[in-house]
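Take a look at the structure set out below.
The values are calculated or read from the model by the stated rules, or taken from the named source; none is laboratory data. All values reported here derive from a predicted model rather than from experimental measurement. Backbone-built Cβ (ideal geometry, glycine too); neighbour counts: all protein chains shown.
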């Protein structure tokens with residue numbers, strides 16, 4: 001580590017850019033949007049004392065990321081929350097010009113229209129002041145740990161009445177897929193896509209499976225694209241059909257395109273095959289929103305990061321001691337509500353000479369994992385998964401990430417540092433900021 005002013009920099013100062021094209025350049029043919037404009041998506045995590053937060057599920061939110069609820073008293077497509085009920089549980093209104101898409105529908109109600117997800121009307125709760133600050137009981141089967149049987153896991157501090165449940169974003173529930181194939185949000189592809197049973201991204205091949213060049217010989221196999229094979233007794237399932245290979249085995253195809261895994265994908269969420277060969281494209285069901293100019297870029301040793309017009313994007317979190325360190329590829333997840341508490345206060349006054357807020361273009365609004373937040377001076381800034389986004393002044397060329405692993409100690413005695421320290425101590429008990437690349 002080395003001290004830079006009142007900043008400590010650890011690890012690499014820059015990483016080699018593996019592909020100047022950016023992951024957005026070779027996506028599959030245009031897929032429908034994952035959610036309507038104005039609906040946000042939020043990761044619900046379990047915070048652990050000795051490791052990174054554990055992703056549990058995802059939920060939809062309103063434009064500010066507030067938790068959305070469904071009521072056991074409603075019927076599919078029909079809201080029974082009216083009068084006094086609708087004063088505490090606010091129906092999620094439909095903005096002018098919004099259109100239904102996929103599992104998202106618009107229903108009529110007294111006085112207007114309301115959003116529904118998978119037929120269930122959606123509401124916000126007036127008692128939730130900090131978006132995401134709601135307690136949700138997690139069953140043992142949902143976290144896969146029998147030790148939690150006696151102590152149900154709680155998220156947040158507010159517990160809604162029993163008839164109200166947190167709405168969950170579950171695209172897989174309305175997707176008909178064969179055994180061994182799943183539907184998940186794939187971070188590297190910024191989309192909902194097909195994956196294998198281990199969560200690794202699947203790709204569709206534009207050609208004949210018998211002529212894909214992926215073969216094995218007596219000396220072994222050396223292939224980049226691994227066919228998604230099907231059992232001998234498998235049958236067609238919806239958009240999934242069977243194609244034959246030269247060796248006599250069967251392979252799954254989606255919408256008549258053979259499916260493969262890419263050898264270069266190592267972890268769930270990777271989509272490194274997007275730019276590897278133009279004949280293979282990620283098997284997308286829906287595509288997530290991204291602001292203009294934003295791409296997913298590979299960074300050697302770090303997987304991928306978000307970039308805006310070629311410049312690496314960063315988030316700042318309140319300093320915390322994290323067991324295992326910070327440089328693990330998948331060790332950048334943070335609790336959403338903590339980012340919402342920080343808002344644009346991660347960087348104020350003199351800090352802005354080094355870190356520039358990533359601004360939305362005129363007319364851009366909250367959508368998916370991206371939220372438009374207001375800073376103290378009234379200006380707007382993009383936040384991703386709850387955390388405000390910045391570029392770093394010392395990054396002067398595409399691919400640089402000199403702002404990664406920077407510890408900003410806010411204790412230099414100036415008025416603005418005291419203001420920031422107060423916010424950071426309130427959030428996490430420590431007056432410091434850890435800056436890291438914004439992981440998709």
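Laid out as a table, the results:
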read-out	value
Residue within the stretch 48-56 that is modelled with pLDDT under 90, surrounded by 16 or more Cβ atoms within 10 Å (Cβ to Cβ) and in a strand (DSSP E or B) present	yes
Selected residue (criterion: nearest to residue 231 (Cα to Cα)) from residues of the stretch 170-187 that are in contact (Cβ under 8 Å) with a residue 24 or more places away in the chain and in a strand (DSSP E or B)	181
Number of the condition not met by residue 404 [criteria: (1) at pLDDT 85 or above; (2) at positive phi; (3) assigned to a loop (DSSP other than H, G, I, E, B)]	(2)
Residues that are closer than 21 Å to residue 304 by Cα and either in contact with a helix residue (DSSP H, G or I) (Cβ under 8 Å, 6 or more places away or on another chain) or in a loop (DSSP other than H, G, I, E, B) (or both), drawn from the stretch 358-389	358, 369, 383, 385, 386, 387, 388
Criterion: assigned by TED's automatic domain parsing to the domain that holds residue 352 and at pLDDT 95 or above - qualifying residue of 421, 397, 431, 388	388
Given (1) surrounded by fewer than 21 Cβ atoms within 10 Å (Cβ to Cβ); (2) at pLDDT below 95, number of the condition residue 188 does not satisfy	(1)
In the stretch 168-182, the residues that are surrounded by fewer than 21 Cβ atoms within 10 Å (Cβ to Cβ) and in contact with a strand residue (DSSP E or B) (Cβ under 7 Å, 6 or more places away or on another chain)	168, 171, 172, 175, 176, 177, 178, 180, 181, 182
The stretch 188-222, residues that are in a helix (DSSP H, G or I) and either within 12 Å of residue 283 (Cβ to Cβ) or over 16 Å from the mean Cα position of the chain (by Cα) (or both)	189, 209, 210, 211
The stretch 74-116 - residue that is free of Cβ contacts under 8 Å to residues at least 12 places away in the same chain and assigned to a strand (DSSP E or B) and, of those, nearest to residue 31 (Cα to Cα)	108
Test result for residue 266, modelled with pLDDT under 90 and in contact with a helix residue (DSSP H, G or I) (Cβ under 9 Å, 6 or more places away or on another chain)	yes
Selection from the stretch 211-232 of residues that are within 17 Å of residue 277 (Cβ to Cβ) and surrounded by 10 or more Cβ atoms within 10 Å (Cβ to Cβ)	212, 213, 214, 215, 222, 223, 224, 225, 226, 227, 228
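Residue by residue, here is whether (1) at pLDDT below 90; (2) crowded, with 23+ Cβ neighbours inside 10 Å holds:
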{"residue": "260", "(1), (2)": "no, yes"}
{"residue": "287", "(1), (2)": "no, no"}
{"residue": "298", "(1), (2)": "yes, yes"}
{"residue": "301", "(1), (2)": "yes, no"}
{"residue": "313", "(1), (2)": "no, yes"}
